[in-house]
Ligand SMILES: C[S@@+](CC[C@H](N)C(=O)[O-])C[C@H]1O[C@@H](n2cnc3c(N)ncnc32)[C@H](O)[C@@H]1O
């Protein structure tokens, strides 16, 4: 079977992950049976990480067995696919501060034993320090300060890698997206080596996506 990355499969040009909880879709996505395995189509218009995969990132530090700190988990759409990829030997610590989304995340974590919802503000990593060292910090916060928040978490949790979905208009609606991407790159480069940058249009308008390795 064709794969974009280990654990990320290709079905007719769309991405998909091996469903950890057979028979159940998380956000209405299509499921496909192949022999004994069931795959979930990973909708690129619903998940910026799926869009980044289709737009050709070359590095995916999220792997089987990885420990991921996910900032801005919302209802768990992307978190659920990350949960499929890391599998039962991995961990997804899903930080979210909106109560309604947290309630959906708690329901999701009851079915998926590798998701640990954390009801907290991602600006204050010391409030969930018990997470400990992680492999990757992923941020999708729609916050003008989100690069700074990502780096603060990456340093605090001694992460090897960072990934960030950046909504240009949310950082500064008066600037051109390219200016925002360049500024964000410089900010990230203070602590990381950039491995990938892709623009997510047309799947997500005016969004950029970075993958970086934290400098030791
Ligand atoms: C764009 S949505 C995330 C979508 C999600 N990553 C996905 O792909 O399914 C941004 C989320 O970040 C949350 N958020 C924003 N700032 C936050 C903060 N400081 N701490 C925790 N959550 C935050 C919002 O409540 C919202 O649910």
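Computed from the coordinates by the stated procedures, all read-outs in this text should not be read as laboratory data. From a predicted model like this one, the values you see are computed outputs, not experimental measurements. Cβ coordinates were reconstructed from backbone atoms using ideal geometry, including for glycine residues, and neighbour counts include every protein chain displayed.
For the reader, a short list of remarks on this structure follows.
- GNM result for the chain, Cα springs below 10 Å: residue of 179, 26, 198 fluctuating most strongly: 179
- Overall form of segment 17-131 per C-alpha gyration tensor (a/c, 1.5; a/b vs b/c): prolate
- Global geometry of segment 34-102, whether rounded, prolate or oblate, following the gyration tensor of its Cα atoms and the 1.5 cut on a/c: rounded
- With Cα atoms, 0 to 90° folded angle of helix 99-111 axis to the chain main axis: 40
- Rounded tilt (10° steps) of 177-189 against the dominant C-alpha axis of the chain: 90
- Cα long-axis angle, helix 77-86 against the chain (0 to 90 degrees, to the nearest 10): 70
- Residues residue 119 and residue 176, FRET efficiency given R0 of 35 Å [Cβ-Cβ distance, rounded to 0.05]: 0.45
- Estimated distance in nm for a label pair at residue 145 and residue 10, the labels positioned 7 Å out from Cα along Cα-to-Cβ: 4.2
- The chain, helix-only ellipticity at 222 nm - DSSP H runs n ≥ 4, -39,500 (n - 2.57), divided by all residues, nearest 500: -8000 deg cm²/dmol
- Among 136, 86, 162: highest mean-square fluctuation, GNM of the chain, C-alpha pairs under 10 Å: 86
- DSSP bridge analysis restricted to the chain gives an antiparallel fraction near 60%, rounded to the nearest 5.
- Mean separation of Cα contacts under 8 Å (6+ apart) over length of the chain, as relative contact order %: 17
- Separation between Cα centres of segment 1-57 and segment 185-216, rounded to whole Å: 23
- Cα gyration tensor shape of segment 43-214, rounded if a/c is under 1.5, else prolate or oblate by comparing a/b with b/c: rounded
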